[in-house]
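The values are calculated or read from the model by the stated rules, or taken from the named source; none is laboratory data. Since the structure is predicted, the reported quantities are computational estimates derived from the model, not experimental observations. Heads up, the Cβs are rebuilt from the backbone with ideal geometry, glycines too, and the neighbour counts pull from every protein chain shown. For the accessible areas, the whole protein counts, side chains as well, though only heavy atoms, and no ligand, DNA or RNA atoms are used. Shrake-Rupley method; radii C 1.70, N 1.55, O 1.52, S 1.80 Å.
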Amino acid sequence: MARTARSRRTTAALAALSIGVLALTACNGDAESDAATPGTHASPSATGTDEATETPSSADPGDGGGSGKSSGSPSTPPSSPKPGADDDQDGGVGMCETADLTYKVTVASRPVNHALLTAGNKGSDPCLLPANELVITIPGLDGAAGHMGPEGKDWILKPGESAYAGIMFSRADTAGGKSADKVEVALTASESPTTVPVGGGPITVNDSQVTSFFGTAEDALTY
């Protein structure tokens, strides 16, 4: 009876051991099956690979970063300047012509042997006065008066405004000369002159010279 009981216990122990081995084998098999079956469980590495290889459809192939934003819009070309806006520093004002001005020549009390030329804009529009091209001639004498004093600057002479030039008729150290009671005035050598009487004349002319145009009579009679 004792042997029979021991035999039963031994058989029960072996049976329990066999069941444990079978259960362990089944667990290992399930683990290997899970590892071998793709797509059963998402792995971090697989997810990372998908994100790294995915390219946004809105990426600009030219911006080098796939950000979907342009690196910069092309600049708008500058508009063409309006005709006459900046191409003339005088704003399109024409040059003064000899016929545009009125003239008056008056013998000056000082300095001696000088006269003052006053030129006024008689028109209704401004004009650009050529300051250094004034031509003064004496009827009956050859040649125009030479230039004396500094050169002036061309400026816009408005309607009603005047410009001034000094005329020297003779030098104190020069004897002789021709008597004259009028002069001829032209703003440039290319224009026909206008004849102007000399107020307070006649004058004696032996070596005539003329200044540029100035803004005041005082400046014109300084030389």
### Message
Looking at the range 114-126 only, could you name the residues that are without any contact (Cβ under 8 Å) to a residue 60 or more places away in the chain, open to solvent by less than 50 Å² (accessible area, probe 1.4 Å) and more than 14 Å from V185 (Cα to Cα)?
### Response
N121, G123
#### Entry: Residue list for the range 127-137, restricted to those being surrounded by fewer than 18 Cβ atoms within 10 Å (Cβ to Cβ) and farther than 22 Å from V198 by Cβ
L128, P130, N132
### Message
Restricting to the range 192-214, name every residue that is farther than 16 Å from V112 by Cα, open to solvent by 50 Å² or more (accessible area, probe 1.4 Å) and in a loop (DSSP other than H, G, I, E, B).
### Response
S192, P193
### Task
Output the number of residues of the range 138-183 satisfying the condition of being assigned to a loop (DSSP other than H, G, I, E, B) and crowded, with 19+ Cβ neighbours inside 10 Å.
5
